[in-house]
Every structure is written in C-alpha cells, then in structure tokens.
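Coordinate-derived values only; no laboratory data. Note that the structure is a prediction, hence the values are computed from the model and not measured. Don't worry about glycine lacking a Cβ; one is built from the backbone with ideal geometry, like all the others, and counts go over all protein chains shown.
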Amino acid sequence: MTSIFPALSAEAYLAHPLHSSERMWPETNCYVDLWIELLAASALPPEAMLGFTLAQDFEGDQFTFFKVPLEDLETLYGIRVTELAIFDRLESHVETQLQRGRICLIEMDSFYMPDTQGVGYRKEHGKTTVAINRMDLQNRRLEYFHNAGYFALEGEDFSGIFQHHLGDADLPFLPYTEFAKFPEHPVDDRDRREAAQRLLIQHFARRPKKNPVRAFAEVFPSQVKKVADRPFGFFHKYAFNTLRQLGANFELAASHLDWLGGDISRSGATVQALRISEVAKSVQFQLARAIARRRFDPLAAALDPAIDAWDEMMAELEGALGKASEAA
C-alpha cells in the first residue's frame, strides 16, 4: 500500500506544537491546520509560512478565511501545489498521484469522516479539506491528514467518501483537488529564514488600510441580533467565521514573529498579536451569553482592546521591519 509518509500511524500520531491544547486556538481552519501537519511530517518548520496572517481583513460578513499562498509554499519549502483535474473516479486519481510520490489535498464530506464525531460525522454534510497519505482500495481503508491530526476511516465511510452509492446515471460531486509535488533538494534553512522575512515585508505591505477589527466591531452587535433569531447551531458557524478566524489568525502571527527572532521578535508586535487572539477568545464566550440572554449592548465595546492592539501591532512592525530592511 503506497504512502507518502510510511512511518505514520493514525493510532500513534502526535500533533505539532502549533496544535497544542495549551494554545488559545488549538485548531484554526482546515486548510492551514492541514499544512501545519503536512510540513511537520516532512520535518519542515510550519512557523515559517505564517507571514500571510498580516493580510487578514474583515470582509463585511466574515474575517478572511486565511490560507497560505501557494507561491509562499514554493519559496519557503520548494513545494509546488497544482490543481488536479478530476475526470475519472476520484480514488483512481489519488492512487496515481500516491504512486508518483505526490499527496492529494481534497475537499471531502465530513459526514463520512469519523474524526468529526460529535460535530459533522453522520449528522451533517460539510465541506472540509484533507490530505490523503495512504489508501487501500481492496480493503476500503483511507489514512489522511485533517485539521490538527492524522486519522483513518474504512468500510462504509470509505464508500461514502468516494460516492460508491451513486449509480451510473447519477451525477457525482467532483471536489476541488490539489496535489503537492515535493522537491528533490530541500530549501536551505538559512535561505528559508531570509525568504520568510522578505515575505513578511510583502504581506505587511498588503495589510488592510483600515483597522479590520474596528470594521467588525461596527457591525458586530447588529449581526449578533440576527444570529440570535436563528437556530442555535448557526451560532457555531457565525463564531467560526468571525471570532475564531480573527483569534486563530493572530495567534499564528505571534508564533511566526517568535520564530523569525531578532528585532521583529523583540518588538511589541508579538504581544499585541496575542492580545488580539485573547480578546477574540473572550468575546466568543460573551457572544454565547449575549445570545442566550438576548442582551447585545455589552458587545458594543467588547472588541475595543483588540482594536487598539491591531493598531499598535502594525506600528511596532513598521518600525521593526524598517530596521530589518536597513540591516539587510
């Protein structure tokens, strides 16, 4: 049975420290979490890729679903990610790529994924991204990276994932699929660190021109009033796409600045990034209480500390990155 990382076991897998239960946000979103674990399995530092977090914005109804740019993966690690066209059975494409030493990243239905027990498994159809490391067609078994871990599924779940229940006349769902080509020669650690600093400067230049936390705060209470009128399960979707994306994004930003070290790490930007993350976590609890009690006024000023922290973080980074550019 072909695999990219043959030593991995779903039963004995240990997640990377960026997914430690001691963090404020042990999981972020499926795509970034996936790459954290994929890079760690490749013995590469996932902290190096996180400069893109500086560009997160508030999009009017949600915070940017932050994802590592594919060009950053190639610059930092030599990994090339390309869309995989699906014109045959999905498992046939996966098998071909595994045999070529490439790992497929696929949007799959969490309804058939046992690791989502209590959330989506056998309860709700949902789209999420996984990376398939090992597949046994004969025994209908799959091993895959998902969120903060490495898991296995088999039997009826395997058949469900690959839509074996469809007849010849049924139209299958063709998921968006990427595949990653790993380099023949690894990127040198020193080159990676220098590249990460250059990328940070680029992402800093792409930061929102207006404070995104302030933009969110202006509509937050009115949004919550509408959320309160929806079934309670909608609360989790709203919180995931707003406060969790905000908080998790800036906790990862702090980890990136720490990894870079030097003047950038010593600046107050790391402290302010963690402050944003901490406030988002606290406000998420306040959000649940506000909906339960239908009292929304306290939310009006709840994000003020995070608003100030974003301004201070960007000011600190402007100074630190200027010094880094002069030193280079």
* Can you list the GluC sites (Glu not before Pro) in the range 238-328 that are in a DSSP coil and have 13 or fewer other beta carbons within 10 angstrom? -> none
* **Ranked HIS125, HIS164, HIS146, criterion: other C-beta atoms within 10 Å, fewest first** => HIS125, HIS164, HIS146
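Fewest to most neighbouring Cβ within 10 Å: what's the order for LYS237, LYS181?
LYS237, LYS181
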* **Cα→Cβ-extended label distance, 7 Å offset, between MET24 and PHE234, nm** => 2.8
* Most fluctuating residue of THR242, THR53, THR116 in a GNM of the chain with Cα springs under 10 Å: which is it? -> THR116
* Distance from the Cα centre of the range 202-272 to that of the range 118-195, in angstrom? -> 28
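How many percent of Cα pairs in the chain exceed 37 Å? If you can, show how the numbers build up before the last one.
On the way: 12039 of 53628 pairs.
It works out to 22 percent of all Cα pairs.
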* Structure fact -> Counting only residues 5 or more apart in sequence or on a different chain, those whose built amide H sits under 5 Å from that of ASP57 are THR64
* List, in order, the whole-Hz ³J(HN,Hα) value for each residue of the range 195-206 obtained from phi through the Karplus relation with A = 6.51, B = -1.76, C = 1.60 and θ = phi - 60°; use x for Gly and Pro. => 5, 4, 5, 4, 5, 4, 4, 5, 5, 4, 5, 8
* **Under the Karplus curve 6.51 cos²θ - 1.76 cosθ + 1.60, θ = phi - 60°, whole-Hz ³J(HN,Hα) for the range 304-317, x wherever Gly or Pro sits** => 3, x, 6, 4, 5, 5, 5, 4, 5, 4, 5, 5, 4, 5
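Which of TYR77, TYR176 has the fewest other C-beta atoms within 10 Å, and how do the rest follow up to the most? Please report the intermediate quantities before stating the final value.
Details: TYR77 24, TYR176 12.
The most exposed by this proxy come first: TYR176, TYR77.
With 22 Å as the limit, write out which pairs from LYS123/LYS237; LYS209/LYS281; LYS67/LYS281; LYS67/LYS127 have Cα-Cα distances beyond it, or answer none. Don't skip to the answer; put the middle values down first.
Values: LYS123/LYS237 15 Å; LYS209/LYS281 24 Å; LYS67/LYS281 20 Å; LYS67/LYS127 16 Å.
Distance filter (> 22 Å) returns LYS209/LYS281.
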* Non-local amide H neighbours of ASN133 (under 5 Å, H modeled in plane, Pro and chain starts lacking H): which ones? -> GLU143, TYR144, PHE145
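Can you tell me how much longer the chain between LEU174 and GLU124 gets when fully stretched, taken as 0.36 nm per residue apart minus their C-alpha distance, in nm with one decimal?
On the way: separation 50, 0.36 × 50 = 18.00 nm, distance 1.88 nm.
Gain in length upon complete extension: 16.1 nm.
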* **Where the Cα pairs of the range 189-327 fall when distances are cut into 10 Å bins, in %** => 11, 39, 26, 16, 7, 1
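Using only DSSP helix segments of four residues or longer, with each worth -39500 (n - 2.57), what per-residue ellipticity at 222 nm results for the chain after dividing by its residue count and rounding to 500? Mind dumping the intermediate values first?
On the way: 11 runs with 147 residues, N = 328.
Estimated from H runs of four or more residues: -14500 deg cm²/dmol.
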* Give, as a single signed number, the net charge of other residues whose beta carbon lies under 15 Å from the beta carbon of PHE158, with Lys and Arg counted +1 and Asp and Glu -1. => -4
* **In the range 72-153, the GluC sites (Glu not before Pro) that fall in loop regions by DSSP, at most 12 other Cβ within 10 Å** => GLU124
